[in-house]
1. Applying the selection to region 81-109, what residues are in contact (Cβ under 8 Å) with a residue 60 or more places away in the chain and more than 20 Å from F45 (Cα to Cα)?
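The values are calculated or read from the model by the stated rules, or taken from the named source; none is laboratory data. Keep in mind the model is a prediction, meaning the values are calculated, not measured. We place every Cβ from the backbone using ideal geometry, glycine too, and count neighbours over all the protein chains shown.
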Amino acid sequence: MIFLMQMIQVMRVETKTIHRATDDEANTVGFKKISNYVSTTKLDFQEMALLLYLLSKFDDWIVKPKVIAYEFSMSLQTIYKIINRLIAKGHIVKTNKHGYIHYEIHEKPVNVK
């Protein structure tokens, strides 16, 4: 089972799913500036933990909520609640591509409704 989970976790796609801010943008994280970002963001602890976890992955890493729930030792329902809060705050964009849910992670919030 663990081997299967590891295989799922390392699956990658050819498109970029994690979008990092550049140093010239206003809200840069870049792990060099993480302490400044943590102190100025409006994310709660769970949101920050999940966002930083996702940003630590390769740019083409596929977001799999079941894998995240396993890694965080949390329920799948809790992970979906955190993901939905990050969607509302503009850090995750959820799309439906070819019948599959696809998540794009943004270091800098985009299009907050």
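1. Hits for region 81-109 are H102, Y103, E104.
Residue-wise test of (1) modelled with pLDDT of 95 or more; (2) in a loop (DSSP other than H, G, I, E, B); (3) hydrophobic (A, V, I, L, M, F, W, C); (4) out of contact with any His (no Cβ under 8 Å at 6 or more places or on another chain).
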residue	(1), (2), (3), (4)
M48	no, no, yes, yes
F58	no, yes, yes, yes
Q77	yes, no, no, yes
I83	yes, no, yes, yes
